[in-house]
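The values are calculated or read from the model by the stated rules, or taken from the named source; none is laboratory data. The model shown is predicted, which means the values in this text are computed figures rather than measured ones. Neighbour counts are summed over all protein chains in view; Cβ atoms, including those assigned to glycine, are modelled from backbone coordinates with ideal geometry. For accessibility, only protein heavy atoms count, side chains too; no ligands or nucleic acids. Shrake-Rupley method; radii C 1.70, N 1.55, O 1.52, S 1.80 Å.
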Amino acid sequence: MDDSPRWETRLLRDFIDEAMRRFGDGPPTAADAWLAPRLHAILRITRREAADAGLWNFLSMGLAPDYVFWRHIGRAKKSDDPQTVNSHRFCGPFHTQAFARLWWAAELFRDGDDYSPVELASRNQDVFNTVLRMEIIHHRPTAQALIQLMEQGTIKGGREVNAAAAAVNAAASTLLFEVLAPDDQLDSDARRAWMDDGETAVISYDRLPDGPDDGAISGQAVNALLPLFEKLFSEAPVRDRSS
């Protein structure tokens, strides 16, 4: 890591405190959709930098262990047992570590500079628990097609998210989604410009920030996948689908 201002943590700590204050009276899971895009907009880093587990370990154990306890405290098996937090929330893989999971969800579900798909994805915990683990989600049109199925109400609860993701993931072994729905190359210069502007960017508590303007996802590519994904989901086994 260099010594540039983008590694300052004071602003991030302020937003972590605000997340706990804002969602303190409800389920902590509600904080994910609010914090994920803002964490991504504050931590203006590359995917290579985000792959460094040391960064996330520092945030969870050095900067904000109180947030990790607040957000991920587990239920005690017995009334007199102490509540604990799984160690993977502090120093685990990217899809379970408390802060890495938020950053990668924002990175993989954003549509260029638009974080609104990230909000929708982060409201469903099965997106984190199941979808984020899958390689298919690194194909941007696939990620947006799944989000659109959620937005239009085709996919609703966690069981349906899991079923749809499993069906799409299985189909990916025989169908080349990259051929059916080509994805444009990301603009690395635009990403670098966004990173360099981080020191002067204003990030609001009440309005979504702007992500890197490195290329929106082709609507044509997403539309090419939607009918296929709808068919795959309609044939997927979902317990209590009728209800």
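Would you calculate, for the chain, the mean residue ellipticity at 222 nm contributed by helices, counting each DSSP H stretch of 4 or more residues as -39,500 (n - 2.57) and dividing by all residues, to the nearest 500?
Estimated from H runs of four or more residues: -14500 deg cm²/dmol.
I want the local charge near L35. Using Cβ-Cβ distances under 15 Å, sum +1 for each Lys or Arg and -1 for each Asp or Glu among the other residues. Taking every Cβ under 15 Å from that of L35, the sum is +2. Scaling against 2.2 N^0.38 Å puts the C-alpha radius of gyration of the chain at 1.04.
Computed with a 1.4 Å probe over protein heavy atoms only, the accessible surface of the chain comes to 51 Å² per residue.
Protein heavy-atom surface of the chain, 1.4 angstrom probe: 50% of the accessible area is carbon and sulfur, with nucleic acids and ligands not counted. Using a Gaussian network model of the chain in which every pair of alpha carbons under 10 angstrom is joined by a spring, one finds that among R21, R48, R71 the greatest mean-square fluctuation is at R48.
Taking the Cα centre of the chain as reference, the dipole from Cβ charges on Lys and Arg (+1) and Asp and Glu (-1) amounts to some 1100 debye. Note on segment 159-243: percent of Cα-Cα distances in each 10 Å bin, starting at 0 and stopping at the bin with the largest distance, equals 15, 28, 24, 25, 8, 0. In a fully extended conformation the segment linking H88 and A216 would gain 42.8 nm over its present Cα-Cα distance, using 0.36 nm per residue. The loop-placed trypsin sites (Lys or Arg not before Pro) in segment 162-208, going by DSSP, that have at most 15 neighbouring Cβ atoms within 10 Å of their Cβ come out as R207.
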